[in-house]
Ligand code: S3P
C-alpha cells in the first residue's frame, strides 16, 4: 500500500469504535447473566477474535447490524472446545485469561506470530498468586499456554508498569475470587474496566491515595447484562487528525471521539507542539466524555513529552513520531520502554521507517527523539517500510507519505484491519491518494 503527497484533505468522518471498550464489553457481557446489546462495537480483527472467544466460552453472540451486537451471557464461562485463538490481540488474550481464571475450566490460549512474541508472565504471574495454574506449551512467558482456573483468592497488587491490561485481567479474575482484590497504580492506566463494571451491576471502588490510585473489588460478584454504547476510538481518530496536521491546506473533523483523560495525552502533546486542534460538541456517551475533534494544517514545533504522560498515549507514539518528522526541532519521547513489547518493537520500527524516509531519529533503550528539519527541508519519503504486521506502524507511515516529497509504501497493509477496518477507504474519502503499490 502506497501513500502519495496530498494537499487540502478535508471532510468529516467518524472513528471506528474504541478497541479497549469493545473487548471489555464483549467479555463482561459473556460473564454476565442475560442480554447485553452493544452499539458502536469495533468490527476489527482483534475484537472479532474476542467475539469468537466468548462464543467458545458459551455466550450467545449475534451481529445485529453495523457495530450492533447482542451477547447473551449465562453467568460465567463454560469449558470451551479447542484452542482460544486471540489473533493479534494482546488486550483480548490478557483480559480473557483474567476472566477465564475465575472459572473451573482448562483453556489453551494462542495467537498469531506477533502475539506469540509478547510477554504473558505480567498477567499469569499475579493470576498464579490468586490461585490460577498455567502451563507453558512452548517457551516460558509466551503463548501458547494452558490455564486451569477456579478457586481463586483476592490479591493486593502494586502495579509497577502502568498497564490497563494487567489491572483489568486481575479485576475480571477478582469477580470470581474469595475476598477483596486491590490494585494500586502509582501511574493510572486507562480505566475503562472500572467505568464499565458498575453498569453490569458490580461494586467497584476507586480511591486517590497520596502516592497512587487504588482500585478495590470485592470477590464473588455476579454481573447482569446491560446495554453498552461504544464511542469512537481516540487512538484511531489520531491517524486522520495527524494527516490534517501535516498536509498543507488540510482540515479534518472526526466526530464522536472518546475523550477519557487517560487516553488523550496525544492531543495535549500536539497542542503543546502548536497544533490547531479544536474540540466541539462535548457530551457524554456510554459513561465516557466524547466530542468532535477538528485538526487543521499547522506549523508544529518539537517538544519534550513528559514521561509521566506515557500511559495516556502509549499507543500514539508512532503517529506522534510521524507528525514530529514535520515539526521544527526535536521531539523527545522518553519513558516508553513498553513500546518495545507492543504488537512490534515500535521504537525500533518507527526509528527504522522514519530513517528510511530521510528523517533524523536517535534511538534509546526506553525512548527516541525525532528531529524535523527547518521549513526548507521537507521529509523526503521514498521508502518501503517494514511493519512486522503492526497496524499502527503501517498507518503512521501512510500518514507520513501523505505529506512527504516521495511516496511511502508499507508492507502487510492487511493488518490495519486489526484496529481500523476501512482506514484506507476513509482516508481516500478525505482526498488522500493511498493505493495498492
Ligand atoms: C490496552 C492497554 C494498553 C494498550 C493497548 C490496549 C487496554 O496496553 O497499549 O493497546 O485496552 O487495556 P497495556 O495495558 O499493556 O499498557
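Using the alpha-carbon atoms, what tilt in degrees (0 to 90, nearest 10) does helix 346-356 show relative to the longest principal axis of the chain?
Around 20 degrees separate the two axes.
Could you give the angle, 0 to 90 degrees to the nearest 10, between helix 391-403's Cα long axis and the longest principal axis of the Cα atoms of the chain?
Tilt relative to the chain: about 20 degrees.
Running a GNM on the chain with Cα contacts under 10 Å, which residue among 172, 354, 426 ends up with the highest mean-square fluctuation?
426
Taking every DSSP beta bridge that has both residues in the chain, what percent is antiparallel when rounded to the nearest 5?
Percent antiparallel among DSSP bridges in the chain is about 75.
Taking other Cβ within 10 Å of each residue's Cβ, how do 342, 117, 19, 375 sort, fewest first?
Values: 342 20, 117 16, 19 24, 375 9.
Fewest-to-most Cβ neighbours within 10 Å comes out as 375, 117, 342, 19.
What do you get for the angle between helix 19-31 and the principal long axis of the chain? Use alpha-carbon atoms, 0 to 90 degrees, nearest ten.
Taking Cα atoms only, the helix is inclined about 10 degrees.
With contacts defined as alpha carbon pairs under 8 Å and 6 or more residues apart, what's the relative contact order of region 19-217 in percent?
Details: 442 pairs, mean separation 33.9, N = 199.
Across region 19-217, relative contact order equals 17 percent.
Among 116, 195, 205, whose mean-square fluctuation peaks in a Gaussian network model of the chain (Cα, cutoff 10 Å)?
205
Calculate the spin-label point distance for residue 4 paired with residue 211, positioning each point 7 Å from the Cα along the beta-carbon direction, and give it in nanometres.
5.9 nm
So what are region 74-160's ellipsoid semi-axes, whole angstrom, largest first, if each one is the square root of 5 times an eigenvalue of the alpha-carbon gyration tensor? Before the final figure, lay out each step's value.
Details: eigenvalues 71, 54, 25 Å².
One finds semi-axes of 19, 17, 11 Å for region 74-160.
Using alpha carbon centroids, what distance separates region 358-437 and region 232-258, in Å?
Measuring centre to centre over Cα atoms gives 15 Å.
Give me the number: length gained by fully extending residue 436 to residue 141, i.e. 0.36 nm times residue separation minus the C-alpha to C-alpha distance, one decimal in nm. Walk me through the intermediate numbers first.
Numbers: separation 295, 0.36 × 295 = 106.20 nm, distance 3.76 nm.
102.4 nm is the gain from fully extending residue 436 to residue 141.
Run a plain Debye calculation on the chain (Cα atoms as equal point scatterers, no solvent) and give log10 I(q)/I(0) at q = 0.09, 0.12, 0.14 Å⁻¹, rounded to two decimals, same order as the q list.
Relative scattering, expressed as log10 I(q)/I(0), comes to -0.54, -0.95, -1.27.
With springs connecting C-alpha atoms under 10 Å apart, model the chain as a Gaussian network and identify which of 387, 148, 278 has the largest mean-square fluctuation.
278
What 222 nm value per residue comes from the helices of the chain, counting each DSSP H run with n ≥ 4 as -39,500 (n - 2.57) and dividing by all residues, nearest 500 deg cm²/dmol? Before the final figure, lay out each step's value.
Numbers: 12 runs with 123 residues, N = 437.
Helix-only estimate at 222 nm: -8500 deg cm²/dmol.
For residue 129 and residue 14, calculate 0.36 nm times their separation in residues minus their Cα-Cα distance, and state this gained length in nm to one decimal.
Separation in residues times 0.36 nm, less the Cα-Cα distance, equals 37.2 nm.
In whole Å, how far is the Cα centre of region 108-172 from that of region 201-215?
Result: 22 Å between the Cα centres.
Sort 136, 158, 69, 270 so the one with the fewest other Cβ atoms within 10 Å of its own Cβ comes first. Working shown, then result.
Details: 136 15, 158 11, 69 24, 270 27.
Listing 136, 158, 69, 270 from fewest to most nearby Cβ atoms yields 158, 136, 69, 270.
Hull surface divided by four, with the convex hull built on the Cα atoms of region 19-217: how many nm²? Can you show the working numbers first?
Numbers: hull surface 39.8 nm².
Seen from a random direction, the Cα hull of region 19-217 projects 10.0 nm² on average.
Want the number for residue 280 to residue 268: 0.36 nm per residue separation, take away the alpha-carbon distance, what's left? Show your work: numbers first, answer last.
Working: separation 12, 0.36 × 12 = 4.32 nm, distance 1.56 nm.
Answer, rounded to one decimal: 2.8 nm.
Can you grab the distance from the C-alpha centre of region 44-78 to the C-alpha centre of region 291-333, Å, no decimals?
That distance is 35 Å.
Just rank 364, 288, 37, 316, fewest to most, by other beta-carbon atoms within 10 angstrom.
Working: 364 14, 288 20, 37 17, 316 25.
Lowest count first: 364, 37, 288, 316.
Could you give the Stokes-Einstein D for region 1-117 in µm² per second, using the C-alpha Kirkwood radius, 20 °C, 1.002 mPa s? Each step should come with its number before you reach the end.
Details: Rh = 15.2 Å.
Here the translational diffusion coefficient equals 141 µm²/s.
Write down the Å³ per residue value for the convex hull defined by the alpha carbon atoms of region 313-397.
In region 313-397, the Cα convex hull volume per residue is 74 Å³.
Read-outs: derived from the displayed coordinates by stated rules, not from any lab. Bear in mind that the values here come from a model prediction, so they are computed numbers and not experimental data. Glycine also receives a Cβ, built like all others from the backbone with ideal geometry; neighbour counts cover every protein chain displayed.
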